[in-house]
Amino acid sequence: MKLNISDWVKGKTKDGELIQGFIQSIDAVQGFATVYVVHSDNEDVKGKIVAVREHWLKKMQELTLDDAQLVQNLIDMALATWDEAWFMELTDTLKAIQNDSVQADDQSKPFPFYHNRLGPVSR
């Protein structure tokens, strides 16, 4: 499995701590990757950078951004971190999701009836 910088991974450190985070750098010669730890069973490791052997890491499944609530939560994170580019990307994604749901709602409704002086007429 080929790991790349910025991939989200999970694995174990040399001390046996379970970690989740993203790769900041890779040393292919020695087989190490430096991982910024976001979650761990050891609170002291959270928020730190650790070196882990590449074969001790597993790439995490990528999320699909098709849930409006998830995208809104990510927008909050982008605002909290002042990441304008990510914020713009997420708002475009949210608009696309909302447009898709509106179109799906419109297609599920029957055509409206229009009344004229002769009676109801359907399109």
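Points to keep in mind about this one:
- log₁₀ of I(q)/I(0) at q = 0.13, 0.27 Å⁻¹ - region 8-59, Debye sum with one point per alpha carbon: -0.23, -1.01
- Phi-based couplings in Hz for region 55-61 (Karplus 6.51, -1.76, 1.60; Gly and Pro marked x): 6, 8, 10, 10, 5, 7, 5
- The distance between label points at Thr91 and Ile5 comes to 2.9 nm (points 7 Å beyond Cα on the Cα→Cβ vector).
- In region 1-96, the GluC sites (Glu not before Pro) that fall in loop regions by DSSP, at most 12 other Cβ within 10 Å: Glu43, Glu62
- Flagged links, alpha-carbon separation over 27 Å, of Lys2/Lys46; Lys14/Lys59; Lys58/Lys95; Lys48/Lys95: Lys58/Lys95; Lys48/Lys95
FYI, it's all coordinate maths here, none of it is from the lab. As the structure is a prediction and not an experimental result, all values here were calculated from the model. Virtual Cβ from ideal backbone geometry, glycine too; neighbours counted across all protein chains shown.
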